[in-house]
Amino acid sequence: MFDPSPTPRVFGAAPGLDFPKALVDGLTERMKGRPPEDMARVDVIVNTRRMARRMRDLFDQGPALLLPRIRLLTDLAGFAPDIKIPPSMPPLRRRLELIRLISELLDRQPELAPRASLYGLADSLAALLDEMQGEGVSAETIAALDVTDQSGHWARAQSFINIAQTYVSFSRSEPDPEARQRMIVEGLQTHWNATPPAHPVILAGSTGSRGTTLMLMKAIAALPQGAVILPGFDFDMPTPVWSALSDAMTAEDHPQFRFHKLLAALDMGRGDVKNWTTETPYAPHRNALVSLALRPAPVTDAWLDEGPGLQDLMGATADITLVQTETPRDEALAIAMRLREAAETNQTAALITPDRLLTRQVAAALDRWNILPDDSAGAPLHLSAPGRFLRHVAGLFVRPLDAEALLTILKHPLCHSTDTRGQHQLNTQRLELRIRRDGLPYPTPETLIALAAKVAEKRDDAEAFMDWAAWVANTICGVHVGVDQSLVDWVTQIETLAEKIAGGPQRHDHELWKKKAGQLARSVLDVLAENAEYGSEMSASDFADLLGALLAAEEVRDRDAPHPGIMIWGTLEARVQGADLVILSGLNEGTWPEAPKPDPWLNRAMRFDAGLLLPERRIGLSAHDFQQAIAAKEVWITRAVRSDDAETVPSRWLNRIQNLLGGLPEQNGPDALKSMMARGDTWLAKVKALETVVPSPKADRPSPRPPKAARPHRLSVTEIKRLIRDPYAVYAKHTLELRPLNPIVQSPDAPLRGILIHEVMEHFVEDIGKDPNLLTATHLMQTAGRILSENVPWPAARTLWLARLGRVADWFVTQEHIRQLAGTPIAFEKEARGVLELANIGFSLIGFADRIDARPDGSVVVYDYKTGKPPTAPQQAKFEKQLLLEAAMLEEGAFKHIGPRPVHDAVFIGLGSSPAEVRAPLTKEPAPKVIAELRDLITAYLSPDQGFTSKRMEMSDREVGDYDQLARFGEWDSTDAPEPEDLT
């Protein structure tokens, strides 16, 4: 296939070529006229499965012929079956062993690092091990580094690197995957030196960025029939500039640096690289422009010399569109709109970016047009339904169960995922409504069963519901929290619990391990179970973190059929694919290229001295991907000018291209740049048009007038204030029968505090009635402590509320002495319920008095506790009529078990920061007047001509009501006249 050559055989394919197609075409051309079996003897080594599939697809397009043997870089053992290499150690096992070793080190020397960094240290140390073994750097080399000018950080790092040295020395019999790969390549080198293969061996598509791969490329290039084919080789780079790439400290981030390193190792020059194919790139002038723009920083002065020699800049950039948006959202929308057009015109289009958040935003934008892109990366497993479910289940062991976590699991589509899931969903809805009504901050088996019993009352399916509630209580609410145990036990426990929750009470066949995501989640747990014995004892929190990290490391493809022509690629996938339109997005510093991650072990100089990879390596690989992708037929370049309310910095490559074009006015460079931006502005205008909101008319201030039958005929005394101030809220509650839902997670808010303080006072006064000696501040605080400890599961709120009550305890006890001398308590809230019937207008008023005391003369005193500031007498006369109405009801005999009684006094007892007693103005507002005003008010609101106006007499517009959104408050304000609306 190849003629004899005195030098190693290295070929290149220029940027802009469809590399797999060029590889297949070149191979087919060289095999013309040869026997068909010669093709079958060719070995082609590629670096990704996707490229291998693409090559087979290209061969399948014809003509019919025998195929070469296509192998992966990770599958080299077939070249020399006699080389005996032990199987590699599973990566998870190594990770668990490192975690255990580092944990033991931190136990002995806690000053080295915080315990919370255990997993991060293990992962970064594992990455260092991979790199050391992949680059052939021993732990002894690291230990021998000159660190005379380093700080104490090196001494701490050395403690951990010693773990790596010990670990490597004890794992020779079971090498890591990287170490095993290097051992295979070293064995192949020895084998080929003795007996080189006579058939062609080709390595194609790799850049040689890792030491082991570079070693293999050198060995294959030197074979009699060996060849290395480099993707995206820049044939436009002059030799002097090529020579400037020799210094890794300054040129590592250049896209061609790795090729220079390979050729230098083979003692070859740039001119020794031959073109693999006769096919020319789509835009040679664009390749020259990009090549000049990406020159190494020390030789960018070449712009002045070579820039004027660039030809046809307008033609080179004619198919490039530059889109610079204000926000990432606009960027995603612009990309989605262009992809939609590509789908409509049957154009293949690919979005290439390392920014996974942006790709998800684009996919979401495409969903509005029912376009599902073919995302090569898929979705992270931990965000899939099985991944979230397993993380929720693991969280049950970490912290006490609250109502939100309970309902999150019960509502998950994999919970009770059996043929009776419909009934499970109905039961969950019933339970949630009761939790919202009564509150259940931290469910336990006992409290959940008690709450469920209230739900089951007077229901035909009460028994079945209670069986379901018992399953929930015993399975989910009964999980023990805060237990440390071995990893083996953790894996068994979470698998068992997850299947119990997924299978329902009858443990029927469930959906947890089905479909692609479920099968992958199952395999993750299986691998964890196989290696769990190598893990140490860990807490529930550590196990949940470990499980989450393992799930996040896997990705699952969507099971739905994607659009065949709309693709989302990572930079690696883009190397082996071709498309009519290529969109390079996220071209900002820190995104593309990604900022180098901080190295906790070695600084840049130490890495260079040890022979490890420099931080700029990834930038150089990204630059090479960019150089290849921008050479495509039609290219979009996009970036967001702002992100998270901060200015972004354009990618260094885009910045260079813009600067180079701007400095070439004689070649129409600025005009070419303006044309690129103008094409982008056209699409930005389309995005603006898509996002333009058509203003709708503002709502009028509502004042509905329902028919008399639909108007409220029964209200409580506290709702009279609402009827006066915000009649619309009464209409929404009683006519529309809408009730605000309480939050799932009950919080220690003011209403709860008021309810509990009322209960404290009721119990305290009842105790005094049984034993007058208990009228002390001490007993009051003891009563409060007992009731709050039973009903307030938030320690901070409980302490704060007790402290507030403690500040008014002495005042309350002093005043209670006076109250006890004046009368005897005869009724509290639970039994102090009265109903006043206004039969002539068909209305009932319901009242609950906090406390009613009887005086010796037969009269009574009505008390109402307020944890806030009590209303003043003028406020009571106009709006806050609760006590006045209760007093009138007492005099009218509305409280049946008390009978008609004259009311001597009605008092608000304020228990706020400034305790005070505020009396109702009974003299100015006697019972007959109050009843008459009530009758007039209700008569008016039972009249068909009276509307229930929203926020009729609120104290201020800042008052927040439960039904403000329904009334569309904000589109109007209190200065707008109400708009009556007759309802039928």
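For the stretch 381-556, what does the relative contact order come out to in percent, with C-alpha contacts under 8 Å and a separation of six or more? List each step's numbers first, then the result.
On the way: 214 pairs, mean separation 63.6, N = 176.
RCO, the stretch 381-556: 36 percent.
I need the Debye-formula profile for the stretch 381-556: one equal scatterer per C-alpha, no solvent, reported as log10 I(q)/I(0) at q = 0.12, 0.18 1/Å, two decimals.
The calculated log intensity ratios at q = 0.12, 0.18 Å⁻¹ are -0.56, -1.14.
Helix-derived [θ] at 222 nm for the chain: sum -39500 (n - 2.57) over DSSP H runs of at least 4, divide by residue count, nearest 500? Each step should come with its number before you reach the end.
Details: 38 runs with 456 residues, N = 984.
The helix-only estimate for the chain comes to -14500 deg cm²/dmol at 222 nm.
Pairs Lys633/Lys686; Lys454/Lys733; Lys411/Lys597: which exceed 32 Å Cα-Cα? If you can, show how the numbers build up before the last one.
On the way: Lys633/Lys686 23 Å; Lys454/Lys733 23 Å; Lys411/Lys597 39 Å.
Over 32 Å apart, Cα to Cα: Lys411/Lys597.
If you average over every viewing direction, what projected area does the convex hull of the Cα atoms of the stretch 66-149 give, in nm²?
Values: hull surface 37.8 nm².
Average projection, Cα convex hull of the stretch 66-149: 9.4 nm².
Based on the Kirkwood radius over alpha-carbon pairs, what is the Stokes-Einstein translational diffusion coefficient of the chain at 37 °C with 0.692 mPa s viscosity, in µm²/s? Don't skip to the answer; put the middle values down first.
Numbers: Rh = 35.5 Å.
It diffuses with D of about 93 µm²/s by this estimate.
I want the local charge near Pro380. Using Cβ-Cβ distances under 9 Å, sum +1 for each Lys or Arg and -1 for each Asp or Glu among the other residues. It would help to have the intermediate numbers written out before the result.
Details: positive: Arg356; negative: Glu554, Glu555.
It works out to a net charge of -1.
Enter the per residue convex hull volume of the stretch 546-663, computed from alpha-carbon coordinates, in Å³ rounded to the nearest integer.
Values: hull volume 23.7 nm³, N = 118.
That works out to 201 Å³ per residue.
For the stretch 777-863, what are the per-bin percents of Cα-Cα distances with bins 10 Å wide, up to the bin holding the maximum?
Whole-percent P(r) values from 0 Å outward: 14, 29, 32, 17, 8, 0.
Please find the FRET efficiency linking Asn193 to Leu72, where r is the Cβ-Cβ separation and R0 is fixed at 25 Å, and quote it to the nearest 0.05. Each step should come with its number before you reach the end.
Numbers: r = 23 Å, r/R0 = 0.94.
It comes to 0.60.
May I ask for the net charge around Phe879, where only other residues with Cβ less than 9 Å from the Cβ of Phe879 are counted and Lys, Arg are +1 while Asp, Glu are -1? Numbers along the way, then the final one.
Working: positive: Lys721, Arg725, Lys878, Lys881; negative: Glu880.
Local net charge: +3.
For a paramagnetic label modelled at 7 Å from the Cα of Asn275 toward its Cβ, which residues of the stretch 570-601 fall within the zone defined by backbone nitrogen distances under 12 Å?
none
Multiply the residue separation of Ala116 and Val694 by 0.36 nm, subtract the distance between their alpha-carbon atoms, and state the gained length in nm to one decimal.
On the way: separation 578, 0.36 × 578 = 208.08 nm, distance 5.13 nm.
Length gained, Ala116 through Val694: 202.9 nm.
If you wrap the stretch 286-400's Cα atoms in a convex hull and average its projection over all directions, what's the area in nm²? Spell out each step's value before the answer.
On the way: hull surface 51.4 nm².
For the Cα atoms of the stretch 286-400, the hull's average projected area reads 12.9 nm².
Please state the Cα pair-distance histogram of the stretch 559-617 with 5 angstrom bins from zero: what percent is in each bin?
Computed distribution, short to long bins: 4, 12, 17, 15, 14, 12, 10, 8, 5, 3, 0.
Only counting other Cβ atoms within 10 Å, I'd like Leu125, Leu802, Leu410 sorted with the fewest neighbours first. Write down the numbers at each step before the final one.
Working: Leu125 24, Leu802 16, Leu410 19.
Fewest-to-most ranking of Leu125, Leu802, Leu410: Leu802, Leu410, Leu125.
Using all C-alpha to C-alpha distances in the stretch 433-510, build P(r) with 10 Å bins and read off the rounded percent in each one.
With 10 Å bins starting at 0, P(r) equals 16, 40, 31, 11, 2.
Relative to a virtual label point 7 Å from the Cα of Met249 in the Cα→beta-carbon direction, which members of the stretch 278-322 show backbone nitrogen distances below 19 Å?
Correct set: 296-300.
List the lysines whose Cα lies under 22 Å from the Cα of Lys698, skipping any in the same chain that are fewer than 8 positions away.
Lys698 reaches Lys951.
Distance from the Cα centre of the stretch 359-427 to that of the stretch 504-534, in angstrom?
Comparing the Cα centres of the stretch 359-427 and the stretch 504-534, I get a distance of 15 Å.
Express in whole angstrom the spacing between the alpha-carbon centres of the stretch 307-346 and the stretch 1-60.
Their Cα centres are 32 Å away from one another.
Could you give the alpha-carbon Rg of the stretch 239-344 over 2.2 N^0.38 Å, rounded to two decimals? Let's see the in-between values first.
Numbers: Rg = 18.2 Å, N = 106, 2.2 N^0.38 = 12.9 Å.
So the stretch 239-344 has a normalised radius of gyration of 1.41.
Using C-alpha positions alone, give me the convex hull volume of the stretch 764-822 per residue in cubic angstrom. If you can, show how the numbers build up before the last one.
Working: hull volume 4.2 nm³, N = 59.
Hull volume over Cα atoms, normalised by residue count, gives 71 Å³.
7 Å from Cα along Cα→Cβ at both Ala595 and Ala40: what's the point-to-point distance in nm?
Here the answer is 5.7 nm between the modelled labels.
Given a cut-off of under 8 Å on Cα pairs at least six residues apart, what relative contact order in percent is computed for the chain? Write down the numbers at each step before the final one.
Working: 1516 pairs, mean separation 135.2, N = 984.
Relative contact order, the chain: 14 percent.
Please give the contour-minus-distance gain from Thr776 to Thr141: 0.36 nm per residue of separation, less the Cα-Cα distance, rounded to one decimal in nm. Mind dumping the intermediate values first?
Numbers: separation 635, 0.36 × 635 = 228.60 nm, distance 7.84 nm.
Length gained, Thr776 through Thr141: 220.8 nm.
So if I take the alpha carbon set of the stretch 666-794, get Rg, then get Rh from the Kirkwood formula, what is the Rg over Rh ratio? Provide the component values of the computation, followed by the final result.
Numbers: Rg = 31.3 Å, Rh = 22.2 Å.
Looking at the stretch 666-794, the ratio lands at 1.41.
Restricting to Cα pairs below 8 Å that are 6+ residues apart, what does the relative contact order work out to for the stretch 764-822? Please round to a whole percent. Walk me through the numbers before you get to the answer.
On the way: 23 pairs, mean separation 22.4, N = 59.
The normalised contact order for the stretch 764-822 reaches 38 percent.
Just the number, please: Stokes-Einstein D of the stretch 841-978 in µm²/s, Kirkwood Rh from C-alpha pairs, 20 °C, 1.002 mPa s.
Values: Rh = 17.1 Å.
This corresponds to a translational diffusion coefficient of 125 µm²/s.
Laboratory data are not the source of any read-out in this text; all were calculated from the coordinates shown. These numbers come from a predicted model, not from an experiment. Neighbour counts are summed over all protein chains in view; Cβ atoms, including those assigned to glycine, are modelled from backbone coordinates with ideal geometry.
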